[in-house]
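Heads up, the thing below is written out as structure tokens.
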Amino acid sequence: MLAGNAAAQSTKDLVGTWTPVSVAAFGPNPKGNLTFDASGHFSLQLLRADLKKVAANKRDMGTPEENKAIVQGSISYYGTYKLNGKDLVFHIEAASFPNWSGTDQTRTNVILTADQLTYTNTAPSVGTAAPTTLVWKRAPATVTN
């Protein structure tokens, strides 16, 4: 694991689960996780903390307003990843934003310490598409029986 404030040296430095600290498009206290495994696969889920429940209590029976809030307040995608210097490249196999499925999405300015991961998304899928910085903290290890 890295000590201090350094750029990631290899993908092994990323392996583990990360939780969001700051992601502008997802409001205060975003929910979710970003998991990297040692074989080069990743999975990311991000949600606004203030998403409302669907009144019908059925995922496929949301009102247009409920569905809009959910789509605008969440994203998930998975695939493979590689680290190229200070760039993190996600090859997205599938995404809840279908335009990203089958694409490579590069995150720049990767800074990784033992317990924090920061990178810039130069082409976010929301808003004015201005670059945004995401900050993640390493999730504590849990032991299950």
Exercise. In nm, give the distance between the simple-model label positions of HIS41 and LYS58, each being 7 Å from the Cα along the Cα-to-Cβ direction.
Key: 3.3
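Within the chain, what whole-number % of the accessible surface is contributed by carbon and sulfur, with the 1.4 Å probe and all protein chains included in the calculation?
Percent of accessible area from carbon and sulfur atoms in the chain: 54.
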Exercise. Set Lys and Arg Cβ to +1 and Asp and Glu Cβ to -1, take the dipole of the stretch 1-105 about its Cα centre, and tell me which of SER74, GLN105, SER10 lies farthest positive.
Key: SER74
Practice problem: Run the dipole for the chain about the Cα centre, Lys and Arg Cβ at +1, Asp and Glu Cβ at -1, nothing else charged, and hand back the magnitude in debye, nearest 20. | Solution: 240
Quiz item: Where a Cα-Cα gap under 27 Å defines reach, which lysines qualify for LYS68, not counting those fewer than 8 residues away within the same chain?
Solution: LYS31, LYS52, LYS53, LYS58
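Between SER22 and THR108, what's the calculated FRET efficiency when r is the beta-carbon distance and R0 is 22 Å? Round to 0.05.
0.85
At 1.4 Å probe size, with every protein chain present, just tell me what the per residue accessible area of the stretch 60-107 comes to in Å².
Working: 2740 Å² over 48 residues.
On a per-residue basis, the stretch 60-107 sits at 57 Å².
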Quiz item: Hey, quick one: spin label on ALA49, modelled 7 Å out along Cα-Cβ, who in the stretch 73-114 has an amide N within reach, i.e. under 18 Å?
Solution: 73-75
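The values are calculated or read from the model by the stated rules, or taken from the named source; none is laboratory data. No experiment lies behind these values; they were computed from the predicted model shown. Glycine also receives a Cβ, built like all others from the backbone with ideal geometry; neighbour counts cover every protein chain displayed. Side chains are part of the model used for accessible areas, which takes the heavy atoms of the whole protein and leaves out ligands, DNA and RNA. Shrake-Rupley method; radii C 1.70, N 1.55, O 1.52, S 1.80 Å.
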